[in-house]
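Peer 1: Sharing a structure, written as structure tokens. Questions coming.
The values are calculated or read from the model by the stated rules, or taken from the named source; none is laboratory data. Fair warning: this is a prediction, and the values are worked out from it, not measured in the lab. Ideal geometry is used to build each Cβ from the backbone, glycine not excepted, and the neighbour counts take in all protein chains shown. Heads up: the accessible areas ignore ligands, DNA and RNA and are worked out on the full protein's heavy atoms, side chains in. Shrake-Rupley method; radii C 1.70, N 1.55, O 1.52, S 1.80 Å.
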2 protein chains.
Amino acid sequence: MHALLFALSDPTRLAIARALADGAEHSAGDLAGDIPKSTMSHHLKILREAGLTTTRPEGMRCRVSLRRAELNRRFPGLLAAILKNAEE
Amino acid sequence: MHALLFALSDPTRLAIARALADGAEHSAGDLAGDIPKSTMSHHLKILREAGLTTTRPEGMRCRVSLRRAELNRRFPGLLAAILKNAEE
DNA sequence: TGCTGTGTTCTAGAAACATAGAACATAACC
DNA sequence: GGTTATGTTCTATGTTTCTAGAACACAGCA
């Protein structure tokens, strides 16, 4: 659980998680605003290794999505509580 | 919320929070196992500044306790979800 | 084949963090 | 006052993390 809390303790990564909270797949480029690609790739790697997201290559781009169901099975209510409190 | 998640993303500090989860006041010395005093003081400071704990001096020692009610008001369900998933 | 768009990996510098010894402050007690 | 117990602050050292440029890999397309 440390990795999960650490991953979401960064403002940039929490923003990414919130953007993914709609359940849809987003490309890395869409998620990055003016953040450089390499920085974005770094944050996505941390989120992925914490088990928060999955990255699926599709042609030229990456489809990133939240692993909501798996996380809820492993840490019931945790992701929901964090995302809910991150709203404002 | 970043400070809170970051504070609890450290194993040592999460262990402290779990020890405090019984609602009782603990002294810093009791919470520290073989952790040096200065290290313990550092971790307690981070927890305190994240709003997770209060430290009340009482004679020679410190009485540390979780700010459960305040946290639950500010971040409903969050601390409970973290502590529950930290059990095991 | 050459060009463009999308990400990853490599690399490096700056900033933040963890750890812990040493000195200090304070309280209790003789 | 002197001693002991409990924490904090200071200082130093090593590690991790964040950021971002540069080079690279690969898919798509003319």
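Peer 1: If every alpha-carbon in the protein assembly as shown counts as one equal scatterer, what log10 I(q)/I(0) does Debye give at q = 0.08, 0.10, 0.15, 0.16 1/Å?
Peer 2: For the protein assembly as shown at q = 0.08, 0.10, 0.15, 0.16 Å⁻¹, log10 I(q)/I(0) is -0.29, -0.44, -0.85, -0.93.
Peer 1: Further question: Using a probe of 1.4 angstrom, how much of the accessible area of the protein assembly as shown is carbon and sulfur, in percent?
Peer 2: Ligands and nucleic acids excluded, carbon and sulfur give 52 percent.
Peer 1: Given 20 °C and 1.002 mPa s, compute D for the range B:2-86 with the Stokes-Einstein relation, Rh being the Kirkwood radius over Cα pairs; round to the nearest whole µm²/s. Walk me through the numbers on the way to the answer.
Peer 2: Numbers: Rh = 12.9 Å.
After rounding, the answer is 166 µm²/s.
Peer 1: Still on this model: For a quick check, take a GNM of chain B with Cα springs below 10 Å and name the residue from B:20, B:78, B:47 with the largest mean-square fluctuation.
Peer 2: Sorting by GNM fluctuation, first place goes to B:78.
Peer 1: Another question, if that's okay. Hey, what's the protein assembly as shown come to in accessible area per residue, 1.4 Å probe, Å²?
Peer 2: Numbers: 9840 Å² over 176 residues.
Per residue, the protein assembly as shown has 56 Å² of solvent-accessible surface.
Peer 1: Now for a separate question. Can you list the distances in nanometres, one decimal and ascending, from the residue A:76 label point to the identical position in each other copy, with the point 7 Å along Cα to Cβ?
Peer 2: Reported distances to equivalent positions: 2.1 nm.
Peer 1: I'd like the residues of the range B:73-88 whose 1.4 Å-probe accessible area shrinks by no less than 30 Å² going from the isolated chain to the full set of protein chains.
Peer 2: B:76, B:78, B:81, B:82, B:85
Peer 1: While we're on this one: Lysines near residue B:37 by alpha-carbon distance under 19 Å, same-chain residues fewer than 8 away left out - which ones?
Peer 2: Leaving aside lysines fewer than 8 places away in the same chain, those within reach of residue B:37 are B:45.
Peer 1: May I ask for the Rg/Rh ratio of the range A:25-66, computed from Cα atoms with Rh as the Kirkwood radius, given to two decimals? Please list the in-between numbers first.
Peer 2: On the way: Rg = 9.6 Å, Rh = 10.3 Å.
Looking at the range A:25-66, the ratio lands at 0.93.
Peer 1: Also, quick follow-up: List the accessible area buried at the contact between A and B, summed over both sides and calculated with a 1.4 Å probe, in Å² to the nearest 100.
Peer 2: Numbers: alone 5650 and 5640 Å², together 9840 Å².
Summing both chains' loss of accessible area gives about 1500 Å².
Peer 1: Still on this model: Find how many whole Å separate the alpha carbon centroid of the range A:1-54 from the alpha carbon centroid of the range B:57-88.
Peer 2: Centre-to-centre (Cα) distance: 27 Å.
Peer 1: Now a separate question. Net charge around residue A:53, counting only other residues with Cβ within less than 12 Å of its Cβ (Lys, Arg = +1; Asp, Glu = -1)? Before the final figure, lay out the partial values.
Peer 2: Numbers: positive: A:13, A:45, A:48, A:56, A:63, A:67, A:68; negative: A:25, A:49, A:70.
With Lys, Arg at +1 and Asp, Glu at -1, the net is +4.
Peer 1: Okay, next question. Does anyone have the angle between helix B:37-49 and the longest principal axis of chain B? Alpha-carbon axes, 0 to 90°, nearest 10?
Peer 2: Tilt of helix B:37-49: around 30 degrees.
Peer 1: Chain A: which residue's Cβ hugs the A-to-B rotation axis most tightly, distance rounded to whole Å?
Peer 2: Its Cβ sits closest to the axis: A:81, 2.
Peer 1: Continuing with the same structure: What 222 nm value per residue comes from the helices of chain B, counting each DSSP H run with n ≥ 4 as -39,500 (n - 2.57) and dividing by all residues, nearest 500 deg cm²/dmol? Each step should come with its number before you reach the end.
Peer 2: On the way: 6 runs with 50 residues, N = 88.
Estimated from H runs of four or more residues: -15500 deg cm²/dmol.
Peer 1: Sticking with this one: Placing +1 at every Lys and Arg Cβ and -1 at every Asp and Glu Cβ, with all other atoms neutral, what dipole size does the protein assembly as shown have around its Cα centre, in debye to the nearest 20?
Peer 2: Values: 26 positive and 20 negative charges, 8 e Å.
About 40 debye.
Peer 1: What nm distances, shortest first, do you get from the label point of residue B:87 to those in the other copies when the point sits 7 angstrom along Cα to Cβ?
Peer 2: Relative to the other copies, residue B:87 has label-point distances of 2.7 nm.
Peer 1: I need the inter-copy label distances for residue B:27: point set 7 Å along Cα to C-beta, values in nm with one decimal, smallest first.
Peer 2: Once sorted, the set of distances for residue B:27 reads 6.2 nm.
Peer 1: Report, to the nearest 10°, how far helix B:11-20 tilts away from the longest principal axis of the Cα atoms in chain B, using its own Cα long axis and a range of 0 to 90°.
Peer 2: 90
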